[in-house]
Amino acid sequence: MDIITLSIPFFFALIGLELLVARVRKRPLYRLSDSISDLSCGILSQLAGILIALLTIAGYSWVQQRWSIQHVLPLPAWSHSPLAWVTVFLLDDLAYYWMHRSSHVVNLLWAGHVVHHSSEEFNLTVALRQSSLHGLMSWLFYLPIALLGVPVTMWLVCHALNLVYQFWIHTREVDRLGPLEWILNTPSHHRVHHASQGSYLDRNFGGVLIIWDRLFGSFAPELERPVYGLTKKQTSPTSPIGFKSKTDPQGAFDYPINPMKKLIAAGATYGALALPLRHQMLELAQAGAQSGTFSLEAYSALSRRFHQRVAVALLLPFVGLGLMVLKPF
Ligand SMILES: [Zn+2]
Ligand SMILES: [Zn+2]
């Protein structure tokens, strides 16, 4: 099973734990409309992810098979030794740093990444607020790893671990972590990244490690209380479909769409679109593998990724329903 799929129950358990802790401490960390938007973005991005996974894995695998440095220099292929795994993990984290930093300064990339930053809250559901189209471009930043000849599954494992790590740092309930703050990207560092104050803008781009920010001069410690969201407040709705709720009277469009109906609509749309799309993409991938465009290894990685995306997108509406029924905020 895929690493991200395995992590999903832990994601939801952590959301539950954060809600519980916030309730005990009487801290209003969640806003229903905002969290529903987070989950809706998560569902949409999983749908788009079926297409993007094909592009990413096929593209990476194609470059690695044809253009890796081993074709030119007498270098050995990558082994599966612990040292090799650590090296690939570091390379992936470094590529993530530059991809993320570029996503904040290149308009075309920011157009995708802005979705993740448009929440004015900061909690674990914000981690699921991901763009649908950012992945069309972001994979290009990982091609240097393909050029170094790293096999596609080795890179995918490290990349998945990296993304899974980044889930838990979206919280206000964890304070500083002592000496770990020097090396790791922590909730404190990531709160700075999501803040809109001038001194916090375009800081702390790291994925797992914060050392890249320290090395490349983009680090800022958390000194004042962060104000979350974009520098210009949105005039468009924070929610992709939009509804008005008691907790968010300013929010979204002026017509009342019950959040429950919205989630059911999102789930049904997903089911109607994603399942046939997944089938089409798998057929395309199979044709690619048969014609030798990319390896069988890449094909099996792809089909795993497709299953994972379907699982995530089908589960998210249930989390939303859980939030609405339990009304923890
Ligand atoms: Zn960012
Ligand atoms: Zn984030």
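The values are calculated or read from the model by the stated rules, or taken from the named source; none is laboratory data. Bear in mind that the values here come from a model prediction, so they are computed numbers and not experimental data. Every residue, glycine among them, receives a Cβ derived from its backbone with ideal geometry; neighbour counts consider all protein chains shown.
Condition check ((1) under 16 Å from Gly207 (Cα atoms); (2) outside any loop (DSSP other than H, G, I, E, B)) across all residues:
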{"residue": "His116", "(1), (2)": "yes, yes"}
{"residue": "Phe122", "(1), (2)": "no, no"}
{"residue": "Leu133", "(1), (2)": "no, no"}
{"residue": "Phe141", "(1), (2)": "yes, yes"}
{"residue": "Trp155", "(1), (2)": "yes, yes"}
{"residue": "Cys158", "(1), (2)": "yes, yes"}
{"residue": "Leu163", "(1), (2)": "yes, yes"}
{"residue": "Thr171", "(1), (2)": "yes, no"}
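Taken across the range 79-86, residues that are modelled with pLDDT of 90 or more, in a helix (DSSP H, G or I), farther than 25 Å from Leu184 by Cβ and out of contact with any strand residue (DSSP E or B) (no Cβ under 9 Å at 6 or more places or on another chain) do not occur at all. Of everything in the range 97-110, what is more than 12 Å from ligand 2 (Cβ to nearest atom) and closer than 22 Å to Val208 by Cβ? Give them in sequence order. Tyr97, Trp98, Met99, Arg101, Ser102, Val105, Leu109, listed by residue number.
Just to verify a result, which residue in the range 131-176, among those that are within 15 Å of ligand 2 (Cβ to nearest atom) and within 17 Å of Leu54 (Cβ to Cβ), is surrounded by the fewest Cβ atoms within 10 Å (Cβ to Cβ)? Selected residue: Ser138.
Kindly indicate the residue of the range 177-209 that is part of a helix (DSSP H, G or I) and of a type in the set (S, T, N, Q) and also surrounded by the fewest Cβ atoms within 10 Å (Cβ to Cβ) among those meeting that condition. Per the stated criteria, the residue is Ser199.
In the range 8-26, the condition of being more than 19 Å from the chain's Cα centre (by Cα) and not in a helix (DSSP H, G or I) is met by at least one residue. Restricted to the range 111-130, and to residues that are surrounded by fewer than 20 Cβ atoms within 10 Å (Cβ to Cβ) and either away from ligand 2 (no atom under 14 Å from the Cβ) or among the acidic types (Asp, Glu) (or both), which residue is nearest to Asp93 (Cα to Cα)? Filtering the range 111-130 for residues that are surrounded by fewer than 20 Cβ atoms within 10 Å (Cβ to Cβ) and either away from ligand 2 (no atom under 14 Å from the Cβ) or among the acidic types (Asp, Glu) (or both), the one nearest to Asp93 (Cα to Cα) comes out as Ala111.
Residues considered: Thr186, Thr153. Of these, the only one that is away from ligand 1 (no atom under 16 Å from the Cβ), out of contact with any Gly (no Cβ under 6 Å at 6 or more places or on another chain) and hydroxyl-bearing (Ser, Thr, Tyr) is Thr153.
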